[in-house]
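K.L.:
To start, I am sharing the structure in question, which I have written as structure tokens.
The values are calculated or read from the model by the stated rules, or taken from the named source; none is laboratory data. Just so it is clear, the model here is predicted, and its values are computed rather than measured. Cβ atoms come from the backbone with ideal geometry, glycine included; neighbour counts cover every protein chain shown.
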Amino acid sequence: MDSIIHYYAKGGRPFQSITSLSGREANRIADELKKTGLPIFKRFEWSEYLDVRRKTESWLKSEFRKVGGKPKVDCPYYFTLGESAYLESRYDVYAATISIPLDSIANEDISFTFPDSMASRLFKQDKQYRYFNPEYHGIVFSKMGIKRIIDKFGIPQWNNAQNRDEAHDYFIEAQLWNDEYISKFLPSPLERGGGQGEGF
């Protein structure tokens with residue numbers, strides 16, 4: 001894959017982090033996003049979502065440092081490695097994307113999980129999960145590390161007919177830990193704000 005892709009809702013603001021907000025403000029935003037009706041925001045219906053996500057980001061940051069990462073932000077910016085049919089479907093007709101060339105990002109600024117980080121961490125905790133794979137679930141990868149996994153297992157795919165027991169290995173998630181890249185790829189001011197919700 002040549003690039004990482006950030007998904008957000010058309011008319012909304014990309015690169016937003018709900019975990020960077022206070023508990024009360026995060027809950028308020030989550031309630032607003034649920035009201036949009038977009039499938040991507042159904043995750044906020046899980047009462048423990050914000051708590052688990054914060055714990056996941058703490059785990060990501062710690063594990064990223066172990067593979068040579070140098071995080072410059074507390075909360076990473078989320079991307080997929082290449083396009084994701086799954087995320088596009090969850091945003092329905094409102095999917096918008098921003099692409100950043102992978103070779104423009106220093107190794108120390110980016111990490112990866114297979115699949116998304118919350119699922120990956122939870123699968124390692126619950127090793128009875130039918131499709132738990134110790135070779136990639138519960139592991140934070142560097143650029144070189146994820147390349148080795150892709151060479152062995154390929155890029156996970158998704159379609160609407162997929163067995164629901166495999167409902168989480170839909171894409172490879174990338175976490176960007178340096179906001180210097182973000183300002184270079186923000187859309188024009190006219191494309192920011194309003195619309196169907198933020199890029200949380």
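K.L.:
Can you tell me how many residues in the range 167-200 are at pLDDT below 55 and part of a helix (DSSP H, G or I)?
P.N.:
The qualifying residues number 3.
K.L.:
Tally time: how many residues in the range 112-148 are outside any helix (DSSP H, G or I) and more than 15 Å from D2 (Cα to Cα)?
P.N.:
First, the residues of the range 112-148 that are outside any helix (DSSP H, G or I): 112-116, 126-142.
Now narrow it down to the ones that are more than 15 Å from D2 (Cα to Cα): 113-116, 126-142.
Residues meeting the conditions: 21.
So that you can scan it fast, the table gives a plain yes or no per residue for (1) in contact with a Gly (Cβ under 6 Å, 6 or more places away or on another chain); (2) within 18 Å of L87 (Cβ to Cβ); (3) modelled with pLDDT of 90 or more; (4) surrounded by 15 or more Cβ atoms within 10 Å (Cβ to Cβ):
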{"position": "P101", "(1), (2), (3), (4)": "no, no, yes, no"}
{"position": "F112", "(1), (2), (3), (4)": "no, yes, yes, yes"}
{"position": "M118", "(1), (2), (3), (4)": "no, yes, yes, yes"}
{"position": "F123", "(1), (2), (3), (4)": "no, no, no, yes"}
{"position": "G138", "(1), (2), (3), (4)": "no, no, yes, yes"}
{"position": "I150", "(1), (2), (3), (4)": "no, no, yes, yes"}
{"position": "W158", "(1), (2), (3), (4)": "no, yes, no, yes"}
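K.L.:
Return the total of residues in the range 27-44 being in contact (Cβ under 8 Å) with a residue 12 or more places away in the chain, surrounded by 15 or more Cβ atoms within 10 Å (Cβ to Cβ) and in a helix (DSSP H, G or I). So that I can check it myself, show each step before the final result.
P.N.:
Restricting attention to the range 27-44, the residues satisfying the condition of being in contact (Cβ under 8 Å) with a residue 12 or more places away in the chain are 27, 29-33, 36, 38-41, 44.
Now drop any that are not surrounded by 15 or more Cβ atoms within 10 Å (Cβ to Cβ), which leaves 29-30, 33, 36, 38, 40-41, 44.
Narrowing further to those that are in a helix (DSSP H, G or I): 29-30, 33, 40-41, 44.
Counting residues in the range 27-44 that are in contact (Cβ under 8 Å) with a residue 12 or more places away in the chain, surrounded by 15 or more Cβ atoms within 10 Å (Cβ to Cβ) and in a helix (DSSP H, G or I) gives 6.
K.L.:
How many residues are crowded, with 16+ Cβ neighbours inside 10 Å, among the polar types (S, T, N, Q) and either over 14 Å from the mean Cα position of the chain (by Cα) or part of a loop (DSSP other than H, G, I, E, B) (or both) when one looks only at the range 69-99?
P.N.:
1
K.L.:
Give the number of residues within the range 2-26 that are on the phi < 0 side of the Ramachandran plot, touching a helix residue (DSSP H, G or I) at 6+ places or on another chain (Cβ under 7 Å) and either surrounded by fewer than 19 Cβ atoms within 10 Å (Cβ to Cβ) or not in a helix (DSSP H, G or I) (or both).
P.N.:
Keep residues of the range 2-26 that are on the phi < 0 side of the Ramachandran plot, which gives 2-10, 12-14, 16-26.
The next check asks that each one be touching a helix residue (DSSP H, G or I) at 6+ places or on another chain (Cβ under 7 Å); those that pass are 2-4, 7, 9-10, 18-19, 21, 26.
Within this subset, residues satisfying the condition of being either surrounded by fewer than 19 Cβ atoms within 10 Å (Cβ to Cβ) or not in a helix (DSSP H, G or I) (or both) are 2-4, 7, 9-10, 19, 21.
Of the residues in the range 2-26, 8 are on the phi < 0 side of the Ramachandran plot, touching a helix residue (DSSP H, G or I) at 6+ places or on another chain (Cβ under 7 Å) and either surrounded by fewer than 19 Cβ atoms within 10 Å (Cβ to Cβ) or not in a helix (DSSP H, G or I) (or both).
K.L.:
State whether the residues of the range 50-66 include one that is over 23 Å from K124 (Cα atoms), in contact with an Asp or Glu (Cβ under 9 Å, 6 or more places away or on another chain) and of a type outside the set (S, T, Y). If you could, list the steps in order and put the result at the bottom.
P.N.:
Taking the range 50-66 as the starting set, the residues that turn out to be over 23 Å from K124 (Cα atoms) are none.
Among the residues of the range 50-66, not one is over 23 Å from K124 (Cα atoms), in contact with an Asp or Glu (Cβ under 9 Å, 6 or more places away or on another chain) and of a type outside the set (S, T, Y), which makes the answer no.
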